[in-house]
Each structure stands twice: as structure tokens, then as C-alpha cells.
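Derivation of every value follows stated rules applied to the coordinates shown; laboratory data play no part. Computed from a predicted model, the values in this text were never measured in an experiment. Note: ideal-geometry Cβ built from the backbone for every residue, glycine included; neighbour counts use all protein chains shown.
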Amino acid sequence: MSLTEELLAQNTLSLDSKIPAGSVETKWDAYKSDMRLVNPNNKRKFKVIVVGTGLAGASAAATLAELGYQVDAFTFHDSARRAHSIAAQGGINAAKNYKGDGDSVHRLFYDTIKGGDFRSREANVYRLAQVSVNIIDQMVSQGVPFAREYGGLLDNRSFGGAQVSRTFYARGQTGQQLLLGAYQQFSRQVGLGGIRLFNRTELVDVVVVDGRAAGIVVRDLMTGEISSHSAHAVVLATGGYGNVFFLSTNAMASNVTAAWRAHRRGAFFANPCYTQIHPTCIPQSDESQSKLTLMSESLRNDGRVWVPVNPDDNRPADQIPEGERDYYLERLYPSFGNLAPRDISSRAAKRAVDRGQGVGPKKNGVYLDFSDAISRLGRDVVEERYGNLFEMYERISGENPYDVPMRIYPATHYTMGGLWVDYELQTTIPGLYAAGEANFSDHGANRLGASALMQGLADGYFVLPYTIGNGLAPLLNKPMPGTDHPAFKAAEQEARERFQGYLDSRGTKPPDHFHRELGKIIWEYCGMERTQQGLEKALSEIPALYAEFKTDLRVTGDSSSLNQTLEKAGRIDDFFQLGMLMCRDALDRNESCGGHFRSEYQTDDGEAERDDENFAHVSAWQWGGDPMKPVLNVEPLEFEAVHLATRSYK
Amino acid sequence: MSNVLTNITLRIWRQAGPAVAGRFETHVVDEITDEASFLEMLDILNDRLVTEGKEAVVFDHDCREGICGTCSLMIDGQAHGPQRGTTTCQLHMRRFKSGDTITIEPWRASAFPIIKDLMVDRSAFDRVIESGGFITAETGGAPDANLIPVPKPVSDAAMDSAACIGCGACVAACPNGAANLFTGAKIAHLNRLPQGQAERWGRVESMVETMDEHFGSCTNHGECEAACPKEISIDVIALMNKDYRKAKFASRKDLARQ
């Protein structure tokens with residue numbers, strides 16, 4: 001009996017992924033033909049809450065409002081246009097095959113499954129690849145200024161982990177342009193009255209009545225007021241949890257609170273240990289640094305990665321002769337070279353730095369050198385391709401990358417784990433849905449470049465508007481609990497007490513102190529390489545630091561006006577609890593796959609070694625009343641359309 | 001290589017709420033590495049204030065990559081500080097020197113009321129977009145993307161103005177508190193594209209009139225262009241004005257025939 005089967009027998013809840021019958025190509029059509037519909041005149045009788053206004057949230061809210069549902073949308077930002085989707089640089093994948101280079105829905109599907117190291121759900125990924133083509137059509141008709149060729153047709157480029165050109169882009173600002181497209185469509189509905197927008201309002205709890213999501217409790221960040229909102233369905237499109245590492249490429253306010261509060265109310269949290277470390281970020285310069293900045297993966301098309309062979313070599317880069325440089329990616333992965341996938345490139349950089357070959361004042365980076373490209377192509381060509389990125393690098397580091405090589409180092413970038421959802425993107429709480437980075441569904445153990453934007457928009461535009469209708473249809477004219485229900489009052493009271501508790505703790509250290517220390521533990525033991533010993537250590541250090549957080553936290557100000565220190569305290573509390581679950585999940589998964597690399601499980605040449613016999617399953621964790629006592633449930637992954645294979649990029 | 005700056009005096013605007021009077025408060029930062037960003041300096045100051053039992057300085061910020069448009073700040077009287085084409089979050093302390101006194105204020109514009117300290121309410125921008133800053137294209141009915149060819153120069157020009165991050169520096173820098181650069185940028189993005197033609201005239205009319213309800217009038221100072229972190233050209237204002245005049249004075253039926 002495999003471990004998966006053993007664990008499956010112990011599930012506390014039957015995890016029904018609701019995958020439609022039939023071949024993978026026909027499942028989504030079959031679903032749409034069979035689903036229940038809500039008559040256009042009845043849609044206005046339903047209220048849907050959408051939390052988060054990034055790509056997934058804004059597109060879902062706009063589409064649901066167009067269909068006629070009443071939508072209440074919430075964002076903690078001042079405007080719906082600020083969400084972190086905006087920071088995506090490179091592009092968005094779609095199986096358009098506009099280049100005639102052999103792309104197809106099946107190929108995008110396969111690349112995504114393989115890139116995810118065979119740890120995602122086939123049916124969901126196939127649907128993602130199918131609707132990818134609709135996304136491009138939709139965004140172009142909204143006026144997103146994608147890059148064009150001289151004939152006026154759309155341009156494409158290629159990205160890591162693919163052998164075709166299927167990435168659509170808008171300069172280095174694809175995320176911004178897509179988000180603004182969705183935001184504009186969203187704003188149109190705000191103007192028409194289809195969406196009520198609650199800005200600077202943060203979710204602090206999810207309310208469940210009789211086993212069904214009944215609404216949410218929110219905190220008005222400007223007044224501190226805690227209030228309730230009820231609805232027939234709730235969508236969480238609240239992003240990922242990369243900021244658990246403190247230093248990441250995520251925006252400062254990105255947090256896990258919405259997903260975590262839902263988890264505590266019964267939503268299972270899947271595969272929290274699947275986190276992605278992006279290889280090309282600017283290394284940390286000092287202790288005070290608040291976040292890391294990503295430099296687009298596209299730079300690896302022309303930049304060469306190297307470190308000095310001799311760890312004690314302190315000469316400037318241009319004085320180190322060729323023979324004393326180690327171009328380690330080209331050496332280890334000759335066929336993909338500097339374009340090896342993200343997880344592989346990141347680990348190789350870490351190993352070089354760990355060997356003492358790091359460069360820069362803190363010896364915490366590797367070189368990304370453009371001098372060959374400049375002498376081969378000329379400075380003008382390099383400037384045309386990467387000018388804005390070079391400028392950004394210079395602004396941050398103070399060094400000119402035309403003259404000296406860039407220094408880069410991996411940083412946390414994206415989280416593949418998230419709330420467990422079924423084929424309808426519904427969590428284990430009926431009526432509660434999760435979309436975009438907040439759910440776990442499509443990227444398995446590693447996400448390919450240019451796929452995050454695709455998934456956010458797929459969920460919001462082309463999946464949820466169908467599946468939510470299917471869930472709402474049977475509720476027509478049935479009474480729903482209002483915000484006067486005791487469950488709302490109890491959740492409000494609990495939230496008030498929680499925030500008052502942070503203010504009352506009167507310790508000595510600000511929230512940032514705890515966040516930074518937590519991040520160090522997670523990065524050290526649950527970052528790019530994990531070991532049983534390290535994870536066990538993390539699982540003793542985090543609770544100890546959490547206990548200190550509870551007694552020694554200092555939050556000034558009050559709870560009845562805008563208080564950013566208090567906001568942080570609440571978010572860090574939830575990061576602590578998530579951190580424990582992440583380490584537990586990483587400890588439990590005795591294999592290496594994608595972004596989850598356990599040193600004990602590697603091949604002779606240092607590559608990830610999966611254990612399909614025992615770990616071809618989703619680990620969906622149930623809240624057990626204490627962050628150190630989660631309850632494991634599993635969903636076995638069945639592969640019908642693809643064969644499990646070892647990933648190789650050599 | 002990094003250097004340490006010493007003895008930086010910060011004069012920071014503190015204001016408890018929209019309805020109360022504000023004042024400058026002075027803090028000295030003894031030491032700060034020039035690798036730190038401007039906002040990291042404020043983070044350090046805030047941690048110190050909280051440790052001393054004082055309230056942290058409230059300021060808006062998020063991505064710290066110069067793209068989300070959340071950060072603001074008038075630094076020594078300049079929107080986003082002294083470095084051209086750079087948001088506050090991308091400004092680093094190497095632009096300053098030891099012993100400097102730096103004055104930090106919120107955006108000053110009547111359309112952007114102060115919420116607290118350095119944070120202002122920019123939702124008037126959202127009202128402008130809601131009034132017409134979109135192309136009506138409801139989900140589901142889009143034709144194949146390559147059925148709408150867009151000449152590259154048109155697409156590039158649309159992208160130039162679509163780069164606006166909605167930060168509000170243009171309004172803050174304008175002596176009249178006008179939002180013509182912001183509004184013009186969105187109109188220039190959408191009105192240039194073939195997809196934007198159907199709603200072109202209604203869009204400009206509605207957006208300009210909503211803008212006028214909230215913001216001051218443009219008198220061609222050009223401060224907005226100088227302050228814009230994305231270096232959007234005031235040409236977009238000319239285009240907006242041209243389209244607005246056409247929309248107002250020509251017959252809509254005739255315009256459609258052009």
C-alpha cells in the first residue's frame with residue numbers, strides 16, 4: 001500500500017475534486033453543458049462578495065456584474081488599480097500558435113504539467129490552457145497595448161520551460177497593462193452601479209453558518225471600524241503568501257490573512273511548501289532592506305551567469321581572466337545553459353554562494369554579465385532590449401550594468417500552494433471560492449514564467465462566472481443568514497478583541513522586528529533547500545518566536561483611526577501560523593519536486609528526485625485548532641493524459 | 001560601494017486626521033547607509049518611533065518597484081523627490097548627503113484630501129476612470145485578437161500613455177491642482193486605438209467633465225510632465241483638448257463618418 005493510499009484512508013473529509021467525466025479535452029465543455037444556470041432576471045437577487053482586486057478579483061467582479069449579479073468588491077488598497085498583479089513584467093502565455101511554431105492547447109497543457117513537476121491536477125490545467133486563447137482576445141478588445149509587429153499583428157516571445165513562442169507582452173509592464181485592462185472593465189461596472197467598491201477595507205474573518213460561507217467581517221482601515229457583509233457566495237482573490245519570508249519580491253502589503261482566516265474557519269490549505277524562488281533578483285544590500293526587486297527573466301537570454309573559481313578572488317570582475325571564471329549554468333546544463341528553469345538556476349546560484357564564490361561586498365550574489373552581448377551585438381541593441389531594466393538596476397544598486405556585471409541572487413517570488421479548491425474553484429467551505437494565486441490549483445510544485453497572469457485572468461473571466469452560477473442556482477429564493485446572525489456578531493467581537501490584544505500587549509518590539517526574524521527562519525530552513533533536521537529546527541524556533549511576539553509586541557496608536565502598525569501586527573500573526581504549516585508540510589513531503597527541494601532526496605547529480613509512488617498527491621491541510629496541530633488530508637493525483645516522467649533540462 | 005550618511009534632519013508633516021490642523025515634526029536620523037531607499041529610511045524611523053512608544057508616520061506605499069503608483073510624498077517641494085523619472089519608492093539615499101535637512105509633505109491638492117500624516121485620498125482619479133476610462137468589451141464576445149490589426153506606431157504611442165501609474169504626482173506638482181495629464185494619458189491611450197473608436201467622443205466628453213468636477217484647470221505650466229515618474233508627455237493634453245473640442249462642436253454623426 002502506498003503512502004498516498006494509506007493517507008487517503010485517514011481523510012477526515014472526502015475531498016471531492018468534482019472533475020467531470022470524459023477525456024481531458026472534453027471535460028470543460030461537458031461541465032458547461034451540464035451546469036445549472038441562473039435566469040438573467042434572477043441574477044440580481046444574488047449577492048457575491050469578491051475580496052481582492054488584482055487580475056483574478058477584478059476580472060471576476062467585472063464579469064459577474066456584467067452578468068447581473070450584485071457584486072461587493074473589497075480591497076485594502078486605496079484603489080482597485082494597485083494590486084500586486086501590476087508588478088508582473090514578462091508576459092502572459094496563450095496557446096494561440098500565431099507563430100505557427102507547433103503550439104497547441106495540448107502543448108501548453110503539457111508544458112505546464114511538466115513545469116509543475118507533475119504535482120498539479122490535469123483537468124484544471126487543461127482548462128487553463130483552453131481558455132488561455134480567450135484571454136488574449138478579451139484583453140485586446142479592451143485595448144491592452146500588447147507589443148505588435150510592423151504589420152499590426154501581435155508579437156510573441158519565448159520564455160523559460162517552453163520551446164515555442166507563446167508569450168504576449170506589453171514592454172516590461174505586461175502585468176500593469178493587463179491589470180489596468182481588468183481595472184477599467186471593473187471601474188465601468190462601479191460607474192454603472194453593478195459593483196459596490198469598498199477600498200481601504202481589509203478582510204479580517206470569514207463567517208460560516210450551517211457549513212456554508214455566509215459572508216465576511218472587514219476592518220475599515222481609515223476608521224478601524226469592524227463590520228460584516230453577507231452574501232450568497234464569497235470569492236477570495238487575495239494573492240499569495242510570499243511575504244512570509246519577509247524579504248521577497250512581493251509588494252509590502254501582500255499578505256495571507258484572507259486565506260488564513262478562511263483556513264481557520266474550515267477551508268483546507270493545500271501544498272503550502274510549494275514556493276517559488278526566482279533566480280534573478282538584486283541581492284540584499286543591508287539589514288534595513290525591506291524588499292527585493294526582481295529583474296526580468298528575459299535578461300538571461302543575453303546575460304551570462306558566472307562566479308570566480310577562487311572564493312578569495314576579490315578583483316573587480318573585468319580583471320578576472322576567462323580561465324578563472326566558472327560559468328556554472330553553461331557547465332552544468334549545456335543545452336539550456338543560462339536559460340535553465342527557475343528552480344534549477346536558483347539552487348545553482350545558492351550552491352555557488354554557499355561555496356564562498358559569491359560576489360559583491362557581502363559576497364551574496366553571482367554575476368550576470370552582458371559584456372559578451374555588448375561586444376557581439378553592440379551597446380545599442382542591448383540598450384534597446386533591456387534599457388529600462390538596466391536603468392532600474394542602476395537606480396537601486398548605484399552600479400552601471402553596461403560597465404560592470406549585474407549582481408543577482410534568488411528571492412521568493414510566487415507561491416504555488418494556497419487554498420484547496422475543486423474543479424469549480426470552490427474551497428472545502430461551500431459558497432467560498434478562491435481564485436488566482438490564492439488557490440493551489442494549476443501550477444503544481446513550480447510555476448512557469450508568464451503563467452501567473454494567465455491563471456488569474458482565466459479564473460476570473462472564464463471559470464468563476466460559470467461555476468458560481470452553478471452553485472447559486474439551487475439557492476434561488478431561499479433565505480440566507482444576514483449580518484444580524486449571531487455568527488457574524490461573534491466573529492466581529494473576536495476580531496475586535498484580537499486587534500485590541502495587539503495594542504494591549506505593551507511589549508518592546510515593533511511588528512517589523514518579528515516579521516524580519518520569522519523571515520530569516522523560514523528562508524534558512526524552508527527556502528531553496530530543505531532538510532529534515534532544518535525543518536524540525538524551524539518547527540521549534542517559530543513557536544518560540546511566536547510566543548515572544550505575543551508577549552513582547554509593541555503597537556502604538558489606537559484602533560479607532562488609521563494605524564499601519566496595527567495592520568502589520570495582524571498580518572504577521574497570520575504569517576507566523578502559516579509559517580508553521582509550511583514547515584510541517586515541507587517536513588512531511590519526503591521527496592523533492594519543483595520548488596520543494598529536500599536535500600535528502602536528490603539524484604547523484606543534484607537534481608530533484610520525486611517519489612511518485614508515495615507522493616503523487618495534494619496535501620490539503622485542515623485547521624486543527626492550533627497552528628502546530630494541522631490535520632492532513634490528501635487528494636491523489638491521477639494522470640490520464642500525460643505520463644509521469646523525470647523532468648530534464650540538460 | 002556603500003557609504004554611511006550621518007545626521008539627516010527630517011521635517012515631516014504630521015496631521016492626525018482630515019479635519020485637524022497639521023504641523024511639521026523634526027526627527028534626526030543619525031546614520032543611514034546610502035544603499036537604503038528613501039522609504040526604508042522612513043521604515044527605520046518608524047520602528048524607532050514605535051519602540052519609543054510614539055505613533056509611526058503614516059505614508060502610502062506598496063510595490064516599491066515604481067509600478068503600483070501607491071507611494072507619493074513631496075520631498076523638498078518636489079513630487080517624488082529630486083530624481084527625474086523616479087517614484088519615491090525608487091529614490092535612494094545616495095541622492096542625499098550627510099547633514100542634509102529634508103522636508104517631507106503629502107500631496108497638496110484640494111482634490112486629494114489628507115487622510116493622515118502623509119497619506120491622501122486619491123479616489124477622485126477612480127471617479128474619472130469610472131466615467132469613461134475604458135473600452136466597453138464585456139467578457140465573452142471578443143473576436144480573435146489578430147482580427148484587429150494595430151499599426152505598431154499607434155500601439156507604441158498608446159503604450160507610452162498607458163504607462164501612467166495613477167500616482168497623482170501631476171496633480172500635486174500643478175499649481176492649479178489639475179489632473180489633465182492623468183486624464184489625457186488615459187484618453188490618449190484609448191482614443192488612439194482602433195478598439196477605442198466606437199466610444200471615442202463620448203469618452204472624452206464624460207471624462208473631461210468628471211475631471212472638471214474634481215480638479216482645477218490646466219493653464220499650461222508643464223509642471224506635471226516634469227514631475228511624472230513615467231515621463232508622460234503633455235502632448236496627451238493637446239490630444240485630449242482636440243478631441244474634446246471636436247466632441248463638443250461637431251455633429252456626432254459626422255464624426256462617426258470620418
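Some observations on this one:
- Equivalent ellipsoid semi-axes - Cα gyration tensor, region B:136-192, angstrom: 29, 14, 8
- Grouping the Cα pair distances of region B:122-257 into 10 Å bins from zero gives a pair-distance distribution of 12, 43, 34, 11, 1 percent in increasing distance order.
- For residue A:610, the amide hydrogen comes within under 5 Å of the amide hydrogens of A:592, counting only partners 5 or more places away or on other chains and with H modelled in the peptide plane.
- A viscosity of 0.692 mPa s and a temperature of 37 °C, combined with the Kirkwood radius over Cα pairs in Stokes-Einstein, give a translational diffusion coefficient for region A:299-369 of 269 µm²/s.
- For region A:1-121, the percent of C-alpha pairs falling in each 5 Å distance bin, counted from 0 to the bin holding the largest distance, reads 2, 8, 9, 11, 14, 17, 17, 13, 6, 2, 0.
- 222 nm mean residue ellipticity, helices alone, for chain B (DSSP H n ≥ 4; -39,500 (n - 2.57); rounded to 500): -10500 deg cm²/dmol
- Square roots of five times the Cα gyration tensor eigenvalues for chain B, Å: 40, 19, 16
- Between amide H atoms placed 1.01 Å from N, distances below 5 Å from residue A:119 occur with A:445, all of them 5 or more places distant or on a separate chain.
- When each of the peptides B:79-86, A:125-132, A:28-35 is scored by how many other beta carbons lie within 10 Å of its residues on average, the order from highest to lowest is A:125-132, B:79-86, A:28-35.
- Remark: mean inter-chain Cβ contacts per residue of B:53-61 equal 5, using a 10 Å Cβ-Cβ cutoff to other protein chain atoms.
- Here the Debye sum runs over all C-alpha atoms of region A:182-331 as equal scatterers in vacuum, and log10 of I(q)/I(0) at q = 0.10, 0.14 Å⁻¹ comes out as -0.61, -0.92.
- Of all DSSP-defined beta bridges confined to chain A, some 70% are antiparallel rather than parallel.
- Distance between region A:1-69 and region B:215-250 - C-alpha centres, whole angstrom: 45 Å
- Normalising by residue count, region A:469-585 has a Cα convex hull of 171 Å³ per residue.
- The amide H of residue A:270, built 1.01 Å from its N in the peptide plane, has A:418, A:419, A:420, A:621 as neighbours under 5 Å, considering only residues 5 or more places off or on other chains.
- In degrees, nearest ten, helix B:180-192 long axis to first principal axis of chain B (Cα): 40 degrees
- Evaluated over region B:4-116, the Cα radius of gyration and Dmax, each in Å: 13.6, 39
- Largest-first principal axis extents of the Cα set of region B:77-185 (Å): 60, 30, 24
- Projected-area mean, region A:139-244, by convex hull of Cα positions, square nanometres: 11.2 nm²
- What separates the Cα centres of region A:499-532 and region A:212-288 is a distance of 15 Å.
- Approximate shape of region A:278-412 as ellipsoid semi-axes (Cα gyration tensor, √5λ), whole Å, largest first: 19, 18, 16
- Between region A:151-192 and region B:1-69, the alpha-carbon center distance in angstrom: 35 Å
- The share of C-alpha pairs in the protein assembly as shown whose separation exceeds 48 Å stands at 17 percent.
- Relative pair counts by distance (%), Cα atoms of region B:67-114, 10 Å bins: 25, 53, 19, 3
- Lysines whose Cα lies under 18 Å from that of residue A:509, excluding same-chain neighbours fewer than 8 positions away: A:520, A:550, A:568, B:54
- Normalised by 2.2 N^0.38 Å, where N counts its residues, the alpha-carbon radius of gyration of region A:504-644 equals 1.28.
- Helical content alone sets the calculated 222 nm signal of chain A at -11500 deg cm²/dmol, taking -39,500 (n - 2.57) per DSSP H segment of four or more residues and averaging over every residue.
- Computed on the Cα atoms alone, the convex hull of region A:54-117 gives a volume of 157 cubic angstrom per residue.
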